[in-house]
Amino acid sequence: MKIGMVTDSLGHLSLEELLPTAAALGIETLEFCCGNWSTAPHLNLDELLQSETARRIFLAKLRDHNLTISALNCSGNPLAPGEAGKAHDSVTRKTFQLANLLGINRIVMMSGLPGAAPGDSFANWFIVAWPPEVTPALEWQWNEVAIPYWRELVQYGHNLGVDRICVELHGHQLVYNTETMLKLRDAVGETVGANFDPSHMMWMGGEPLTAIRQLRDAIFYVHAKDTRIDRANSDPNGLLDAKPSERVADRAWNYVTLGYGHSESWWRDFITLLAQVGYNDVLSIEHEDLAMSPLEGVRKSVELLERVIIREAL
């Protein structure tokens, strides 16, 4: 296994600052964010698509710091109604094109989420079966929007040499848990697998250690991110929490630096189970802890992973 990082984790740094910092921290490979919900602070997608020289310089900078690219990330909502979905789909396809030009076969993204019916203005996430209109709306989202889109996107990826589309299980997305991940994979093929980020399952009340055993070889990529449940807030209110992320002390849960939500022992079990199902690849740190500086959070995350990582899996 290798220690990687989502580049937005140190989004306050320029590319020239990011690369030596990442190398000094012990990061081995980087997951570059290309747009959509990221401002893509470390690369210019259109410039890299248009200029072979820009691509050559970009890759040379990485080599100078003994860093590689683990994946390109274009997380957004390409299934959103109207112009928003079209814009995110455009960035998604450009990211696939750049992956082809850089010799990268792995894309990290999300499934997207449609509206509830034709003509809707906003995406609609259904997580309960009542009232009765939920069921036909959910069937429409899957059968009329998501599956046709994803079948076409898989073929688009094949044509560009992208054979690992890593879908992040995430709230407010059609694919948000193990069951929905496997549903999409069954419908569109094994080019689609999971970007397994345990932090999301934690705040939804699931157990990532159990999910690993069910997903097995459908785990294409892993984000290393933790969640802390604040029982003083969650016990009287549950884990569904729409308060802004900045209200850390008031929320039922928060994303935290590795080890600050779940113990080192838990993370050791996490790594062990990944190895047991055959995952011997990147652990990509994603820092979103608002109580700790990005640099300190990434440093502490690397230190924890260094203690639990399996470098030579059988």
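Observations, loosely collected:
- Options Thr21, Thr29, Thr39, Thr68: the member that is in contact (Cβ under 8 Å) with a residue 60 or more places away in the chain and open to solvent by 30 Å² or more (accessible area, probe 1.4 Å): Thr21
- For the range 151-165, the count of residues that are among the small types (Gly, Ala, Ser) and either exposed (fewer than 13 other Cβ atoms within 10 Å of the Cβ) or assigned to a loop (DSSP other than H, G, I, E, B) (or both) is at least one.
- Against the numbered list (1) part of a helix (DSSP H, G or I); (2) closer than 21 Å to Ile27 by Cα, Met292 comes up short only at (1).
- Among the residues of the range 219-230, the ones that are surrounded by 20 or more Cβ atoms within 10 Å (Cβ to Cβ), in contact with a helix residue (DSSP H, G or I) (Cβ under 8 Å, 6 or more places away or on another chain) and not charged (D, E, K, R) come to 5 in all.
- Hits in the range 96-106 - residues which are out of contact with any Gly (no Cβ under 7 Å at 6 or more places or on another chain) and open to solvent by less than 40 Å² (accessible area, probe 1.4 Å): Leu98, Ala99, Leu102, Ile104, Arg106
- Verdict on Asn124 being within 24 Å of Phe220 (Cα to Cα) and in contact with a Gly (Cβ under 6 Å, 6 or more places away or on another chain): no
- Matching residues in the range 76-102 - criterion: being touching a helix residue (DSSP H, G or I) at 6+ places or on another chain (Cβ under 9 Å) and assigned to a loop (DSSP other than H, G, I, E, B): Gly76, Asn77, Pro78, Leu79, Ala80
- Selection status of Leu184, surrounded by fewer than 17 Cβ atoms within 10 Å (Cβ to Cβ) and in a helix (DSSP H, G or I): no
- If you check Ala194, Ala146, Ala211, Ala123 for being open to solvent by 10 Å² or more (accessible area, probe 1.4 Å), modelled with pLDDT of 95 or more and not aromatic (Phe, Trp, Tyr), only one passes: Ala123.
- Residue in the range 75-89 that is in contact (Cβ under 8 Å) with a residue 12 or more places away in the chain, under 30 Å from Leu314 (Cβ atoms), open to solvent by less than 10 Å² (accessible area, probe 1.4 Å) and not hydroxyl-bearing (Ser, Thr, Tyr) present: no
- Listed by first and then second residue, the pairs linking a residue in the range 205-233 that is in contact (Cβ under 8 Å) with a residue 24 or more places away in the chain to a residue that is open to solvent by 80 Å² or more (accessible area, probe 1.4 Å) and of a type in the set (Ser, Thr, Tyr), with Cβ atoms under 9 Å apart and 6 or more places separating them unless they lie on different chains, are Asp226/Tyr260; Arg228/Tyr260.
- Considering residues of the range 42-65 that are among the polar types (S, T, N, Q) and either open to solvent by 50 Å² or more (accessible area, probe 1.4 Å) or touching a residue at least 24 places away in the same chain (Cβ under 8 Å) (or both) only, the residue farthest from Gly26 (Cα to Cα): Gln50
- Any chance Leu273 is at pLDDT 95 or above, open to solvent by less than 30 Å² (accessible area, probe 1.4 Å) and assigned to a helix (DSSP H, G or I): yes
- If the condition is being under 24 Å from Arg299 (Cβ atoms), open to solvent by 20 Å² or more (accessible area, probe 1.4 Å) and part of a loop (DSSP other than H, G, I, E, B), then the range 231-260 contributes Ser245, Glu246, Gly259, Tyr260.
- Among the conditions (1) crowded, with 21+ Cβ neighbours inside 10 Å; (2) within 24 Å of Ile107 (Cβ to Cβ); (3) under 20 Å from the mean Cα position of the chain (by Cα), the only one that Trp203 does not satisfy is (2).
- Condition check for Ser265: open to solvent by 70 Å² or more (accessible area, probe 1.4 Å), out of contact with any helix residue (DSSP H, G or I) (no Cβ under 7 Å at 6 or more places or on another chain) and farther than 19 Å from Ile27 by Cα: yes
The values are calculated or read from the model by the stated rules, or taken from the named source; none is laboratory data. What you see is a predicted model; the values in this text were computed from it and never measured. Cβ: placed from backbone, ideal geometry, glycine included. Neighbour counts: every protein chain shown. The accessibility values were calculated without ligands, DNA or RNA, using every heavy atom of the protein model including side chains. Shrake-Rupley method; radii C 1.70, N 1.55, O 1.52, S 1.80 Å.
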